[in-house]
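First up is the structure itself, then whatever we jot down about it.
The values are calculated or read from the model by the stated rules, or taken from the named source; none is laboratory data. On a predicted model such as this, the values are computed, not experimentally measured, just so you know. Neighbour counts run over all protein chains shown; Cβ positions are idealised from the backbone, glycine included.
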Amino acid sequence: MLGDQADTTETASVRSNRRTRGVNVANAFDAADGRGIHLTPPLFAAIRSAGFTTLRLPIHWSAHADVAAPYAIDEELHRRVDDALNLAEQYDLDVIIDVHHYRELMDSPRAHQDRFLALWRQIAQRYAARPLSLSFELLNEPTRAMDAPRWNELLQRAWATVRESNPSREVIIGPADMNNLHALTELKLPGDPHVTATIHYYAPMAFTHQGATWIDRHSYPIGRSWGTAEEIQAVRDDLRLAHAWSQAAGVQVLVGEFGTHDRAHLADRVNWTTTVRSELDRLGLDWCYWDLATDFGIFDLTENTWRQPLRAALLQ
Ligand code: BGC
């Protein structure tokens, strides 16, 4: 059920024109049990003063909503998200909220599409009165049975659902194949000036995800370095494709995730991060680094300090 304070009309505030230089705050709302990193005022202050403009908050809504119609989202999750949005407004941080980890939808789109749309109807109504510094990202990394044809159909319906209550809020939509940039050509977006396309960039996976134990199919061995002239060129070629698509489509592209696992050598991580980030800045593409404080993180929560070389690779 929606809370008492639910609003159903979007506030006519102006979205800031600043470029998105964001950081993903994982393990706050995307852990299945919902308990992870504690979002405090000093943390928000540190993120803002480091120079980030934006937080991307991955949210596992589907783990906190009824499985039967009308699929009500738990008020407790809404309240925690409200607190984060209030803090972000206080610290002048833009926010992107998404639907993260909806695995059942990826496996059984038909069985879950009504629930997915009902989640968006509730989220959109709940946050309609928020400033336009809040953006909605429809679905993190569509994959498996949520292939391009199915996703193209469902994304139109989800976008229309959001638009019932939020006529001009930015809606962020990525292609199938886990937001792979090569799948942009198959993405069918609604004709809407307030839509941004998003991709995730982790190439080469064998470098960025080395040592990650949670990868389903296989894990990549550690010890893989990065930084030859060919590897640097491959990154530039990839990102140029995203830029070319953006120009041709007339749609802004946000690289909503890019980053490296901490089992890779720090010098190589810094080199890769600098290369990707400077190329994105040069091409005028927006970005959010993955992530703040998990195994890809640039912030050490125990010491309460930035991993300076990585932070500098992003914001120098
Ligand atoms: C996933 C995370 C993962 C990250 C990097 C995210 O979209 O939700 O679990 O750590 O991508 O692969």
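Summary of computed values
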item	result
Top-ranked residue of the range 192-221 - restricted to ones that are of a type outside the set (Asp, Glu) and away from the ligand (no atom under 16 Å from the Cβ), ranked as modelled with the lowest pLDDT	221
Subset of the range 130-153 (residues that are surrounded by 21 or more Cβ atoms within 10 Å (Cβ to Cβ) and part of a helix (DSSP H, G or I))	151
Positions within the range 258-298 being farther than 20 Å from residue 243 by Cβ and either away from the ligand (no atom under 15 Å from the Cβ) or in contact with a Cys (Cβ under 9 Å, 6 or more places away or on another chain) (or both), in sequence order	265, 266, 267, 268, 270, 271
Residue satisfying condition, being surrounded by 24 or more Cβ atoms within 10 Å (Cβ to Cβ) and either in a loop (DSSP other than H, G, I, E, B) or modelled with pLDDT of 95 or more (or both), within set 273, 260, 294	260
Candidate set from the range 154-177 (those that are surrounded by fewer than 18 Cβ atoms within 10 Å (Cβ to Cβ) and not in a loop (DSSP other than H, G, I, E, B)); member that is farthest from the ligand (Cβ to nearest atom)	164
In the range 96-129, the residues that are under 23 Å from residue 254 (Cβ atoms), outside any helix (DSSP H, G or I) and away from the ligand (no atom under 16 Å from the Cβ)	127, 128
Residue match in the range 60-72 (condition: surrounded by 15 or more Cβ atoms within 10 Å (Cβ to Cβ) and of a type in the set (Val, Ile, Thr))	no
